[in-house]
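Engineer: After the structure tokens below, expect a handful of questions from me.
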Amino acid sequence: MSDQRDTFDEVAAEYDAVRPLYPIELFDDLAVVAGGPGQPVLEVGCGSGQATAGLLGCGWTVVAVDPGAELIALAKARLTSVEFHVGRFETFAPQPASFRLVASAQAWHWIDPSISFPKAAAALQPGGWLAIFGHVPLSPPPEILQLLEPIYAAIAPELWRPPPQAWYLPEGPVRSLIDASGLFGPVTCKAYAWSEPVSAAGFVRQLRTRSDYNVISRGRRDRLLAEVETVLAPLGALSLRNETHLYLAQLKS
């Protein structure tokens, strides 16, 4: 698993260019529990700053950690007020009881829960909050699936499955993991539906940033994505449906 999560830094520029931002409404909901400007926030797995920008938009003081040096460099270039740290959360040493909010966008699933939850709890102030959230791309329309399935069957059948982001769906393990930690109160879940128009080329660029695609051989990946782009290009703009799922829980006293 650790090898797979390292692939994001290898495609940092593409990741930064095509990964979507997070809904404004999500940060509005975080502000309800975390409070107004000046609150200290720890972000776990900031990537190149897709969620970091939203946290800053709330006026919070943000400390962010990510193992990707190239991703951090891209985030630093435009988010100069953030205190960035290159490294894994597993080995990072946050100041104890210092943060009103520990937030993680699209990264919590990479961390062993026996480490992630106790470390987050130790970093939070009394009454602080844990926020875990992630985008989940929904299945394309049947007519697109019919075009794509034979291509995947021939080249990379192991990729014809729900995306890794499905971990963040309500039927996934997030709520039960928070509960099992015994460190947080009841979990609140919220979903934000949205869509984005992309070209076939743009869709393929997004696929190039996925960790499951970047652990297969480059030749097979390039062949697969070239055929995907070719078959989808005549359709023009594609409307891709997504959901962002947020899980919120307060530190037990």
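Engineer: Would you mind checking which residues have amide H under 5 Å from His85's amide H? H placed 1.01 Å from N; only 5 or more apart, or other chain.
Structural biologist: Here the answer is Ala64, Val65, Asp66, since their amide H atoms fall under 5 Å of that of His85.
Engineer: When DSSP beta bridges are limited to those with both residues in the chain, what percentage is antiparallel, rounded to the nearest 5?
Structural biologist: Numbers: 21 of 39 bridges.
Rounded to the nearest five, the antiparallel share is 55 percent.
Engineer: Would you mind computing the Rg to Rh ratio of the range 31-117 from its alpha-carbon coordinates, Kirkwood style for Rh? Don't jump to the answer; show the numbers that get you there.
Structural biologist: On the way: Rg = 12.1 Å, Rh = 13.0 Å.
Rounded to two decimals, Rg over Rh is 0.94.
Engineer: Counting only other residues whose beta carbon sits under 12 Å from that of Leu138, what net charge do I get with K and R as +1, D and E as -1?
Structural biologist: Working: positive: Arg241; negative: Glu196, Glu243.
Neighbour charge sum, excluding Leu138 itself: -1.
Engineer: Hey, another quick one. Specify which residue in the list Gly59, Gly49, Ser195 is farthest towards the positive end of the charge dipole of the chain, using unit charges on the beta carbon of Lys, Arg (+1) and Asp, Glu (-1), about the Cα centre.
Structural biologist: Towards the positive end, the residue furthest out is Gly59.
Engineer: Taking amide H atoms as placed 1.01 Å from N in the peptide plane, list the residues 5 or more away in sequence, or in a different chain, whose amide H sits under 5 Å from that of Gly128.
Structural biologist: Leu251
Engineer: Give the carbon-plus-sulfur fraction of the accessible surface of the chain in %, rounded to a whole number; probe 1.4 Å, heavy atoms of protein chains only. Intermediate results must be reported in sequence, preceding the final value.
Structural biologist: On the way: 6400 of 11340 Å².
For the chain, the apolar C and S fraction of the accessible surface comes to 56 percent.
Engineer: Once you have the Kirkwood Rh of the range 69-130 from its Cα pairs, apply Stokes-Einstein at 25 °C and 0.890 mPa s and quote D in µm²/s.
Structural biologist: Working: Rh = 12.8 Å.
Taking Rh from Cα pairs, D becomes 192 µm²/s.
Engineer: When only alpha-carbon atoms count, how far does the range 159-253 stretch along each of its three principal axes, as whole angstroms with the largest first?
Structural biologist: Cα spread of the range 159-253 along its principal axes, largest to smallest: 55, 29, 17 Å.
Engineer: Here is a further query. When the helix-only estimate is applied to the chain (DSSP H runs of n ≥ 4, each -39,500 (n - 2.57), divided by the residue count), what is the mean residue ellipticity at 222 nm, nearest 500 deg cm²/dmol? Mind showing how you got there, number by number?
Structural biologist: Values: 11 runs with 98 residues, N = 253.
Using -39500 (n - 2.57) per qualifying helix, the result is -11000 deg cm²/dmol.
Engineer: Can you give me the P(r) profile for the range 52-175? Cα pairs, bins 10 angstrom wide beginning at 0, each as a whole percent.
Structural biologist: The calculated distribution, bin by bin, is 10, 33, 31, 16, 9, 1.
Engineer: So what are the radius of gyration and Dmax for the Cα set of the chain, in Å?
Structural biologist: 18.5, 57
Engineer: Let me ask something additional. So, by mean Cβ neighbours within 10 angstrom, what's the order for 225-231, 80-86 with the highest one leading?
Structural biologist: Working: 225-231: 16.3, 80-86: 14.6.
Peptide ranking by packing, descending: 225-231, 80-86.
Engineer: Now for a separate question. Can you give the charge dipole size of the range 72-190 about its Cα centre, rounded to the nearest 20 debye, using +1 on the beta carbon of Lys and Arg and -1 on the beta carbon of Asp and Glu? Don't jump to the answer; show the numbers that get you there.
Structural biologist: Numbers: 8 positive and 8 negative charges, 98 e Å.
Around 480 debye, computed over the range 72-190.
Engineer: Next up: If the cut-off is a Cα-Cα distance under 13 Å, which aspartates and glutamates reach Lys119, setting aside same-chain residues fewer than 8 apart in sequence?
Structural biologist: Glu43, Glu90
Engineer: Okay, next question. Pairs of alpha-carbon atoms within less than 8 angstrom and 6+ residues apart define the contacts here; what relative contact order does the chain have, in percent?
Structural biologist: Values: 454 pairs, mean separation 57.1, N = 253.
The value is 23 percent.
Engineer: In debye, nearest 20: dipole of the chain around its Cα centre with unit charges on the Cβ of K, R (+) and D, E (-)?
Structural biologist: Numbers: 19 positive and 26 negative charges, 53 e Å.
Roughly 260 debye for the chain.
Engineer: Assuming 0.692 mPa s and 37 °C, estimate D for the range 125-180 with Stokes-Einstein, Rh taken as the Kirkwood radius over Cα pairs, in µm²/s. Walk me through the numbers before you get to the answer.
Structural biologist: On the way: Rh = 14.1 Å.
For the chosen part, D equals 233 µm²/s.
The values are calculated or read from the model by the stated rules, or taken from the named source; none is laboratory data. These figures come from a predicted structure and were not determined experimentally. Using ideal geometry, Cβ is built from the backbone for each residue, glycine included, and neighbour counts are taken over all protein chains shown. Protein only, heavy atoms only, side chains kept; ligands, DNA and RNA dropped before computing areas. Shrake-Rupley method; radii C 1.70, N 1.55, O 1.52, S 1.80 Å.
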